[in-house]
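Rule-based calculations on the coordinates, nothing more; no lab input. What you are looking at is a predicted structure, and each value in this text was computed from that prediction instead of being measured. When we count neighbours, we look across all protein chains shown, and the Cβ atoms used for this are built from the backbone with ideal geometry, even at glycine.
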Amino acid sequence: MEEIEAEEEAEEEVVIQAIFADGIERLPEQSRDIMRMRYCQAPIKFREIAAIYGNTKVTIQGIVLKAIAFLRLHLADVVGS
């Protein structure tokens, strides 16, 4: 029984990753790159990303928050369909 649950959880994780990857690809290029730097690669701090883009930490945090909101909507659309 535990083996089946573990397999189901692994399958669910793959599906979630695919939905996340699809959502990331739908973001504007800068948002997509920032999200990858922050969450998909070795995590980079907001201030480090801000230095790369010549923006403030607050600006980068705002971009990330908007991207997360978009990804939530994307997930809801995919799961709801």
Cα lying deepest toward the dipole's positive end in the chain, options Gly80, Ala6, Met37, charges on Cβ: Met37
Label-to-label distance, nm, for residues given as Met1 and Tyr39 (7 Å Cα→Cβ offset): 3.4
Residue-span extension gain [Glu8 to Asp22] - 0.36 nm each, minus C-alpha spacing: 2.9 nm
Additional length obtainable on full extension of the chain from Asp77 to Tyr53, 0.36 nm per residue less Cα span: 5.5 nm
Average Cα contact separation per residue, the chain, under 8 Å, 6 or more apart, as relative contact order %: 29
Identified option (computed Rg and Dmax of the Cα atoms in Å; candidates [x] 11.9, 38; [y] 14.6, 51; [z] 15.4, 53): [z]
